[in-house]
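In what follows, a single structure is set out as structure tokens and then discussed.
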Ligand code: FES
């Protein structure tokens, strides 16, 4: 901790993460084209993309931090603040909404302990958010838990689904 009570930034691009970044360069026409996978590497390594990480990515890819931040904030798949170990996305767009998605979302929030959409449970285990159409409108309600796509979720299934993610 510093005298101001903040944790000094530890470089993300070191060791394995740096090796993964450098392995991306030959696959793209120029450095700036590596931006999206570079941000993904950061999120995999740290769980979210901090302002320090934005500056580090910008430096590595010869971009400005404001450019990186503009791209980062455009995409909902990147986390701009810390989230739980398991990130749950539930579709509440109208077709799913008419089939009970709001009840699924409410049950997820209650059983996960998050207390509210977008909040993280006190044990750091879950964050639940609402998202737009997940492309499975015929199987309401679809949810994503981390990278697992789960269809036809009902409030009754929620406790058993959450138990799979310690
Ligand atoms: S509206 Fe929910 S998946 Fe399309």
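Values as computed for the structure displayed
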| item | result |
| --- | --- |
| Test for residue 114: is it at pLDDT 95 or above, within 11 Å of the ligand (Cβ to nearest atom) and in contact with a strand residue (DSSP E or B) (Cβ under 9 Å, 6 or more places away or on another chain) | no |
| Pick from the range 67-92, criterion touching a strand residue (DSSP E or B) at 6+ places or on another chain (Cβ under 8 Å) and closer than 17 Å to residue 135 by Cα, ranking: nearest to the ligand (Cβ to nearest atom) | 91 |
| Exclusive hit being on the phi < 0 side of the Ramachandran plot, surrounded by 15 or more Cβ atoms within 10 Å (Cβ to Cβ) and assigned to a helix (DSSP H, G or I), set 83, 90, 68 | 68 |
| Residue 137 in contact (Cβ under 8 Å) with a residue 24 or more places away in the chain, within 11 Å of the ligand (Cβ to nearest atom) and crowded, with 16+ Cβ neighbours inside 10 Å | no |
| Which numbered condition residue 63 fails, given (1) away from the ligand (no atom under 16 Å from the Cβ); (2) more than 17 Å from the chain's Cα centre (by Cα); (3) in a helix (DSSP H, G or I); (4) in contact (Cβ under 8 Å) with a residue 24 or more places away in the chain | (3) |
| Qualifying positions in the range 45-64 - within 17 Å of residue 33 (Cα to Cα) and either in contact with a strand residue (DSSP E or B) (Cβ under 6 Å, 6 or more places away or on another chain) or surrounded by fewer than 16 Cβ atoms within 10 Å (Cβ to Cβ) (or both) | 55, 59, 62, 64 |
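The values are calculated or read from the model by the stated rules, or taken from the named source; none is laboratory data. What you see is a predicted model; the values in this text were computed from it and never measured. Cβ coordinates were reconstructed from backbone atoms using ideal geometry, including for glycine residues, and neighbour counts include every protein chain displayed.
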